[in-house]
1. Just to confirm my filter: which strands (runs of 3 or more DSSP E) fall fully inside region 210-252 and include at least 1 residues that are loosely packed, with under 12 Cβ neighbours inside 10 Å?
2. Among the listed residues 101, 109, 139, which satisfies the condition of being in a helix (DSSP H, G or I), at pLDDT below 80 and of a type outside the set (Gly, Ala, Ser)?
3. Taking residue 206 as the residue in question, decide whether it is surrounded by fewer than 18 Cβ atoms within 10 Å (Cβ to Cβ), modelled with pLDDT of 90 or more and of a type in the set (A, V, I, L, M, F, W, C).
4. Quick check on region 268-308: of everything there that is aliphatic (A, V, I, L, M) and touching a Gly at 6+ places or on another chain (Cβ under 9 Å), which residue is farthest from residue 238 (Cα to Cα)?
5. Which residues, taken from region 212-263, are polar (S, T, N, Q) and modelled with pLDDT of 90 or more?
6. Report, by residue number, each residue of region 266-308 that is part of a loop (DSSP other than H, G, I, E, B) and either among the acidic types (Asp, Glu) or farther than 18 Å from residue 206 by Cα (or both).
7. Counting only residues that are closer than 14 Å to residue 219 by Cα, touching a residue at least 40 places away in the same chain (Cβ under 8 Å) and either surrounded by fewer than 23 Cβ atoms within 10 Å (Cβ to Cβ) or in contact with a helix residue (DSSP H, G or I) (Cβ under 9 Å, 6 or more places away or on another chain) (or both), how many does region 266-308 have?
Amino acid sequence: MVPEALLGAVSCGRCGYGRAEEGVCAACRAPWVPAAPATVDLRGPAPLHGVVRVPRGRRVLALPVDLALPVVLVGLAVADATGPSPGVVPAPLLVAVAVLLVGLTAAALCGWGRSPGRWLLGQRTVDDLTGSPVGFARLVRRLLGTGRADLVTADLRRGRDPVAPSPAAPAAAGGSVSPRPAAPTVAPTALPPAVHAARPSIAIELEGGGRHEVVDELLVGRSPVDPTAADRPLLSWPDLSRRLAKTHLLLEWSGQVLQVTDLGSATGTTVVTAADGRQPLVPGVAVSVPPGATIVCGGRSIRVVPHG
């Protein structure tokens, strides 16, 4: 990663979670072996290239702007309740309006990454891996410290809006930077049946148990279907949280290189390696994955291991 990268917490080498307790991962309870800093390269591939992070002082300034009107309404309600004569507007109504405004502000922050304060200051708060608003459930987990929800507040006046379409050739703020080259795409080689049967293979280990060999292609999701109707192998991975998409990702094994492609999932896919750290995938773009790497999808992890 480059020096201008946005640094996050060190993550678990097994599941990608960012907290340890007494030498084990707080999420999967595996022995704590940090994979790499959870970094986001603001100059690299989508979704966060060209995004300029808001300084902490300006980011905190949005909070009093968000709470100014609700606090005034609550103050008027208290004054009405303790005053000698009732006001024009009943105190319970003032409190109800204040609570409604706080709820609408939280909904706007979760759904669009904006709030009155962020709108006035030209800011948007998004997830540091996907560049999308975090949603209510993930924001609550972040506040409670029970889940990974590292956030980036973008300065829309100085850089790109993270939810806007990404330009084809990004440049970093303050200078021209050549984009990182895309991972090479290796096309599977057509082999005779006898050679095909003898060539080396690779396998994946699912979080929570389960090992599956990847022979050619494998579609993974909680209830996958082949969009091309080519009858490719499917791997159903039950997920009650529904963070894993029905058809989340595609694995392709050429006999020498394993590639993973995110199929436009809502929660995204990230490859974690000891050499390169966390690499969020651009939907539809195949990325090579070495043995020993971890693929994080829908908050769950898949480990790539040699087979045979």
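1. 211-214
2. 139
3. Taking the combined requirement at face value, the residue satisfies it.
4. 274
5. 223, 236, 247, 259, 261
6. 266, 274, 275, 276, 281, 282, 283, 284, 285, 286
7. Total meeting the criteria: 1.
The values are calculated or read from the model by the stated rules, or taken from the named source; none is laboratory data. Note that this is a predicted model, so its numbers are computed, not measured. Here Cβ is always computed from backbone atoms with ideal geometry, including for glycine, and neighbour counts include all displayed protein chains.
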